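Please read the structure below before turning to the comments.
Throughout, read-outs are computed from the coordinates displayed, never taken from laboratory work. Computed from a predicted structure; not experimentally measured. Reconstructed Cβ throughout: ideal geometry from the backbone, glycine too, with neighbour counts over all protein chains shown.
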Number of protein chains: 2
Amino acid sequence: MTVGEAAHDAIRRCRWIAQQTEEPGRITRTFLSPPMRAVHNELSTWMAAVGMQTTIDAAGNLRGVYPGASGISRRLYLGSHLDSVPGAGAFDGVLGVVMAIALVHLVAPHRLPFGIEVIGFSEEEGVRFSMPFIGSRAFAGTLDEATLTARDSTGISVREAISGFGLDPARLGEARFAASPLGYLEFHIEQGPVLEDNDLAVGIVQAIAGQSRAEVAFRGRAAHAGTTPMTMRHDALAGAAEWIGNVEAMALGTAGLVATVGRATVSPGAANVIPGECALTVDVRHANDPIRHDALERLKTVAQAIAARRALTIEWRPYLDQPATCMTPSFVSILERAASAAGATAPLMTSGAGHDAVVVAPHMPVGMLFVRSPGGISHHPDETVREEDVAVALSTGLNALELLAGTVDG
Amino acid sequence: MTVGEAAHDAIRRCRWIAQQTEEPGRITRTFLSPPMRAVHNELSTWMAAVGMQTTIDAAGNLRGVYPGASGISRRLYLGSHLDSVPGAGAFDGVLGVVMAIALVHLVAPHRLPFGIEVIGFSEEEGVRFSMPFIGSRAFAGTLDEATLTARDSTGISVREAISGFGLDPARLGEARFAASPLGYLEFHIEQGPVLEDNDLAVGIVQAIAGQSRAEVAFRGRAAHAGTTPMTMRHDALAGAAEWIGNVEAMALGTAGLVATVGRATVSPGAANVIPGECALTVDVRHANDPIRHDALERLKTVAQAIAARRALTIEWRPYLDQPATCMTPSFVSILERAASAAGATAPLMTSGAGHDAVVVAPHMPVGMLFVRSPGGISHHPDETVREEDVAVALSTGLNALELLAGTVDG
């Protein structure tokens, strides 16, 4: 199989996986949801065919080991995640898992001086339990009790979801990476417009922006929409709307800052009732952690001021504070040389999106390669990749494996 | 039974009905939902005990006939609705049905020169099908095919809901009121603060404000919350929030106008995805129809301007345009004399809330009596009534029946 053929095949496989969805008509595949099983089966069959031993660990991560040369136990981990946001595209996460297997497919039956373990993380997006990175945190050995007892909107806990999928939560400890890992490499779509604006196929991640997320609830008083004069209202949605305007304005006024209110739930939620509660999420990101923390603090102060003026109460619950993460310099350097050897100009980039590499970074060397996102589109059905870009990425990956082999040999 | 005992009993019955709910822990009883059956059974038993013949019509309205003096076929209709908003109180609608039966209870076994038919309308709030007055429209004979084929959030149509409750949609025509009705009287909590501010037990409705409702959807482009620069976003929620601020400001700036955004649904609805769509409802009310129409038109223009500036699209679907309704002067006059004879000062009022009387008004004389709402609270669990106010309202009702009897006799 040529690299071009492998790129074509990888895209075909991503499109097939996209059909495994919880919601007819759109792509939604959350943590341990029923369609994940078909994805595991299909990828396991492919991995077995190229000489890998496959398992599903207790966190629902799909794993496949391609052994190194005789007597070698060190492993390079290659992977990304298999879950999706609601109404997703076909490539976010999935492409990285499929490309990892494709690289083994291209390497086999050649043995490297290290084993390769491909890992398809079960959860990265944080949709089902409002907590991201469940899969990679199990891999990193940092999954805590608070996460395991968190419940989804139907009242099922993470632990129950694991049992319900036929896995054993008591064996979560075994999901941790093996001793002396060589490192972790992840291929991912850019999910933004930078590579396309510069007409480039791939980019090398230098740092991943830090993220804060909080749940913010404005609470007022539900009352009749017809009989309550405007001046006597405590309308939670009106207060929330004023704050959403402030979130947008603050992000527009702070260089490099992005801030998003992605979820808003109004209660009681009837056309003829003044909203008594509006629950929101806010997501704030910046490459500089102090700037991010300051922005979040200012947004909280503004929310409190709006609530006070309107005689509303406010609940502010931060639930994610992910520092900015630097990729490992030696891996960045290897990816630069690998891309160059593939004939590609690959800029160093800051990722505005979080990735499993963030969770893995404290435990082993990490590197990431971005593949151009046409239109900068992701988390949307129109998300796509170009076959020629995937081929460049695969070539870069093959070169990186060779360079890493040289490092290990030396 | 004295009037005071009847008032005590009526409140107790309302509290019992409030326990019949779809949602544990709060009061929610939508059109033909399972708990409605227990309400029907309980009230039917009571009506039968006081000498009434009961049925459930094909629209799910509970009906009970107390015959007039021998040979009399004309009927006075007394009633209100049995459904509720989500997270409701115990008295909105329900009190009017319970008081109607209580009045028959107090009158029996005395025969009046007209029959009394008590009616507990199945649907007034418009929650389940985003269309109010399903029960009273069946009673008025104005239920149309568009309503019958409307679907709730689970895809069930009105017609299917009727069949599913064990009723026969083919018999909806029989739900219509009988020929030569004497009129319709409705008792209802005020749901606003006017009577309490004036320290009065009851008020007489002179007119009901007109209402407009529309569904408004802002549509942009779902995209990744981390990788999409603020200046490249088409955030549907940010646009909707700006418009919600305008709705509030316009209502605050227009005397007598109330405008409410009661529902907001964000898609895809994940913390890390820029909202691609935000669907809202707006409810606009004013006693003067041209002022209301003008306000709605201005809100539409503002929404279009916001959408254009943000490169969003907008969908604007008006689904209710209920003109202001005058109560019948002869009934207003009878209620004034009846309240006065009960020793009550009862002001003439405009109702900011719609009521079943609006739907019935084109077909027969109508009158409405308001009972004070402590705190002006309704559509909220804290909604309540005072026992002494209910007693005043029952006395007024008994006097009104006597005055009506005099009218018919004369």
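Quick look at the numbers
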item: Cα Rg over Rh - region A:210-322, Kirkwood; result: 1.03
item: Shielding by partners, peptide A:245-258 (average Cβ within 10 angstrom, other chains); result: 3
item: Cα-derived Rg to Rh of chain B, Kirkwood definition; result: 1.01
item: Gaussian network model of chain B, Cα within-10 Å springs - most flexible of B:240, B:249, B:201; result: B:249
item: For chain A, built as a Gaussian network whose Cα springs stay under 10 Å, the top-fluctuating residue of A:132, A:323, A:362; result: A:362
item: Helix B:3-18 axis, angle to chain B major axis (alpha carbon atoms, nearest 10°); result: 40 degrees
item: Column: log10 I(q)/I(0), Debye, Cα scatterers of region B:26-182, q = 0.12, 0.16, 0.19 Å⁻¹; result: -0.49, -0.86, -1.16
item: Length added when fully stretched, residue A:308-residue A:249, from 0.36 nm per residue minus Cα-Cα; result: 19.2 nm
item: B:205, A:85, A:408 arranged by Cβ crowding within 10 Å, fewest neighbours leading; result: A:408, B:205, A:85
item: Packing-based exposure ordering (other Cβ within 10 Å, fewest first) of B:121, B:165, A:133; result: B:165, A:133, B:121
item: Inter-chain Cβ neighbour average for residues A:182-193, partner chain, 10 Å; result: 2
item: Cα-based helix-to-principal-axis angle, B:289-309 vs chain B, degrees rounded to 10; result: 20 degrees
item: Helix-only [θ]222 nm of the protein assembly as shown, DSSP H runs n ≥ 4, -39500 (n - 2.57) each, per residue, nearest 500; result: -11000 deg cm²/dmol
item: Calculated FRET value between residue A:72 and residue A:403, using beta carbons and R₀ = 22 Å, to 0.05; result: 0.80
item: Most fluctuating residue given options A:69, A:175, A:138, as computed from a GNM of chain A linking Cα atoms under 10 Å; result: A:69
item: Beta carbon of chain B nearest to the axis of the rotation taking B to A, residue and angstrom distance; result: B:241, 2
item: Taking the convex hull of Cα positions in region A:297-366, its mean projected area over all directions (nm²); result: 7.0 nm²
item: For residue B:298, inter-copy label distances in nm, listed shortest first [label point 7 Å out on the Cα-Cβ vector]; result: 3.4
item: Helix A:329-341 axis, angle to chain A major axis (alpha carbon atoms, nearest 10°); result: 60 degrees
item: Mean shadow area of region A:1-91 over all directions, Cα convex hull, nm²; result: 6.9 nm²
item: Using a 7 Å Cα-to-Cβ projection, residue B:252 label spacings across copies, nm, ascending; result: 2.0
item: Cα radius of gyration and Dmax for region A:240-280 (Å); result: 13.0, 41
item: Relative exposure of A:117, A:336, A:42, B:123, judged by other C-beta atoms within 10 Å (fewest first); result: A:42, A:336, A:117, B:123
item: Per-copy distances of the residue B:199 label point, shortest first, in nm (7 angstrom along Cα→Cβ); result: 8.3
item: Mean separation of Cα contacts under 8 Å, 6 or more apart, over the residue count of region B:210-322: relative contact order %; result: 45 percent
item: Debye equation applied to the C-alpha atoms of the protein assembly as shown, log10 I(q)/I(0) at 0.07 Å⁻¹; result: -0.62
